[in-house]
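For reference, the structure discussed in these notes is given below.
Read-outs: derived from the displayed coordinates by stated rules, not from any lab. Only a predicted model underlies this, so the values are computations on that prediction, with no experimental measurement involved. Virtual Cβ from ideal backbone geometry, glycine too; neighbours counted across all protein chains shown.
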Amino acid sequence: MTSKVRTRLRALFIILALLAIAQLGWWSYLLIDQQAQISQILQTKEAYDRESRFLFMIFTEGGFWIVMWTIGLFSIYKTFMQERRLYQAHRDFLSAVTHELKTPIAGVQLGFEALRRDLSPEKKETFIKRGLDATEKLKFQIEHILSLSQQDSQIPKHRATFNLKQLVEECIEECTHDFHQHVQWQMAIDENLSVTSQRESLKVIIKSIIDNALKYGSIADNSPSQLFINIDYSDGQLAIRDNGIGFEENADNLFIDFFRGNIAKELAIPGTGVGLSVAKQMADKLGYEIEISSQGLNKGCTCKIRMKL
């Protein structure tokens, strides 16, 4: 729990405690004073009326403070539970990041150890390629982590004009270098289509979506051996569709920091839960919109990026 939240909860508790003490003190004074008056004029109607008004005041004020205490305690409980969930999400994130970074680091280490042996040029080239692929994967994971830590900062305003199909092909190549399952790609993007945008930010968005499609597409029951991914562009919208596992959760949850769906947890699918979150944050800063949808489990997924070109 952050120091700011702890300070806020402590201040709220102290205020409620002081108010309660002040109210108890006021009631004590009134009870003593009322008791003295009642002992003198107990037989008169005035005493009866005063007693009725006094009891009405006690019940009214008492009810008010019971409501205030209930609201205050509920606010404290709600804040505590939110912080607890956030703490657990951070723990899961750190555990996932550790696992995700260990794999490419081990690949780089294995490549260097192999190069120390007396190998043929062909085998050396193979190990060098594996090492480079591992470093590319490591770079991709670090980019996600850095993007998440800088989510409050602004994307540089400088934009350039570039070929969209070439960028998508780069993303595909970098995402599939260590993906061994056969993937059938279908792309419908004009060869000469140019867009003006922040290239690296758009690249992170597209790679995050493709990486997600590859990661979850490989476990679909209806496509155990072959994954189909279709990418097309039309009317300012880039759509990426797959025949993968799909999902049943609320689509908005997929863009929450550290969110991991039920399927990801049940099948222990590797991941940090920040890919789509980072993509959404970058898209918002670029003025784009991201929409993700699925018809249910094993019915694929469609992700659309509405771009302002």
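Structure summary
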quantity: Simple label model, 7 Å out from Cα along Cβ direction - SER293 to GLN237, nm; calculated: 0.8 nm
quantity: Added length on full extension, which subtracts the Cα-Cα distance from 0.36 nm per residue, ARG306 to ALA106; calculated: 68.2 nm
